[in-house]
Amino acid sequence: MLDTLKFNAENIQAEALKQHEDWLTETTSEGELVKQRATVFLNAHKDKDKLLYNGTIRLEYNHQQQFLNVGLSSAPVLLFGTSFKTVQRSDLQRLQEELQHHVTNFADIDISTTKLCRLDNSTLYGMDCLASKYIMLLDDMTRNRQQHAQKKYFEGETLEFYNRQRTIGFYDKHAKNQKNQLESTYIQQHGIQSNELRYEIQNKKSRSIKQAFKLVEPLTLKQLDTDYMQAALHKQRIKEFNKHFQFVQDEKKVTLTDFLNTSIFMKEKHRRTALDKTLWFLALQKNFIDLTELKAIMQASGYSKQAVYRRMKAMKELLSHDIDKTQLYEELKAKIEAA
């Protein structure tokens, strides 16, 4: 339900700040204090001389404007020690308490009443297939720019539509978390598979939060634990998915993504004949020809009976394991609407 959160506390006097060794100060040439910054590294420990951690709480105080910004990189990491968990409504009280505990070490403020200036509406789905298959499907069915947002895609791991106000994205959590040593260890210890798909909507400004959830006043952490906001978060996930990802099946279309994905699979299984099998498989999959026509083509081309038999058997096996794109889309849509 939640991931990255950022808060803004206004009219905070400098006297509210506490002495702490982790404060770093920024001063003018005359020695006047301008800003103070501090970072809490979550689940931190040293491995040899390297500091390992998988999340942060960052604080920044502006002495001239008298406001304190607090940023939590990952609510699940703070609560559970890993981002492979999803924050539920029942976790909100503990989230507030844990965050307050860390912030109190640096400043005397009530974190529950500060204004949210970033809210990541996020959840994690265990899918039937590899997360990359859903991401590639969503990339295939969308344009590079749509709904006033620019698309960013990376190799079946990440798909985002972003602008200054909001980002809507899907991520392969297994692939993404492998890059962090603590999360990679968690993956190995708990046998996490590559079918964990993260869906996330980043509301990146106070204004976008108010617009998204039809609020008159700025949202606070305390107000997240209400029936209205719980329903609103769910509705936003459905609305943004339907707005950005409208599925239209086109059986005849062969995309570069289709070709590359099938070719990579074929290289793993068939090596030297990968290109040949890729082209024939896509022709069958997209209904350009059927197995009877393929058999006739091979016979007319002089292939032996054994070669024709082996090719027919291989193609039948591949087609039986092929996943219908409509099935992938409907599974994802159902999870978003239900969760």
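The values are calculated or read from the model by the stated rules, or taken from the named source; none is laboratory data. Just so you know, these numbers come straight off a predicted model, no measurement behind them. For neighbour counting, all protein chains shown are included, and Cβ atoms are generated from backbone atoms with ideal geometry for every residue, glycine included.
Would you confirm, using the coordinates I've provided, whether Ser184 is out of contact with any strand residue (DSSP E or B) (no Cβ under 9 Å at 6 or more places or on another chain) and surrounded by fewer than 20 Cβ atoms within 10 Å (Cβ to Cβ)? Against the criterion (out of contact with any strand residue (DSSP E or B) (no Cβ under 9 Å at 6 or more places or on another chain) and surrounded by fewer than 20 Cβ atoms within 10 Å (Cβ to Cβ)), Ser184 qualifies.
Taken over region 115-139, the criterion of being surrounded by fewer than 17 Cβ atoms within 10 Å (Cβ to Cβ) and part of a loop (DSSP other than H, G, I, E, B) is satisfied by Asp128, Cys129. Would you mind stating whether Ala14 is more than 25 Å from the chain's Cα centre (by Cα), modelled with pLDDT of 95 or more and small (Gly, Ala, Ser)? In short, no.
Residues in region 1-32 that are more than 15 Å from Leu59 (Cβ to Cβ) and free of Cβ contacts under 8 Å to residues at least 60 places away in the same chain: 9 in all.
Kindly indicate whether Leu59 is surrounded by 10 or more Cβ atoms within 10 Å (Cβ to Cβ) and touching a Gly at 6+ places or on another chain (Cβ under 9 Å). When the stated conditions are applied, Leu59 passes them. When residues in region 74-114 are screened for being under 16 Å from the mean Cα position of the chain (by Cα) and either buried (at least 21 other Cβ atoms within 10 Å of the Cβ) or without any contact (Cβ under 8 Å) to a residue 24 or more places away in the chain (or both), 7 of them pass.
Which ranges mark the strands (runs of 3 or more DSSP E) fully within region 1-114 that have 2 or more residues being within 21 Å of Thr226 (Cα to Cα)?
2-9
Within region 134-162, residues that are under 17 Å from Leu124 (Cα atoms) and free of Cβ contacts under 8 Å to residues at least 60 places away in the same chain sit with their Cβ atoms under 7 Å from residues that are part of a strand (DSSP E or B) and polar (S, T, N, Q), at 6+ positions apart or across chains, in these pairs: Glu160/Thr167. Do we have Ser194 as among the small types (Gly, Ala, Ser) and part of a helix (DSSP H, G or I) here? So Ser194 fails the test.
If I ask for residues that are modelled with pLDDT under 90, loosely packed, with under 15 Cβ neighbours inside 10 Å and not hydrophobic (A, V, I, L, M, F, W, C), which ones from region 149-180 would you list? Matches in region 149-180: Glu155, Lys179.
Filter region 210-246 down to residues that are surrounded by 15 or more Cβ atoms within 10 Å (Cβ to Cβ) and aromatic (Phe, Trp, Tyr) and give me whichever is modelled with the lowest pLDDT. Top of the filtered list is Phe245.
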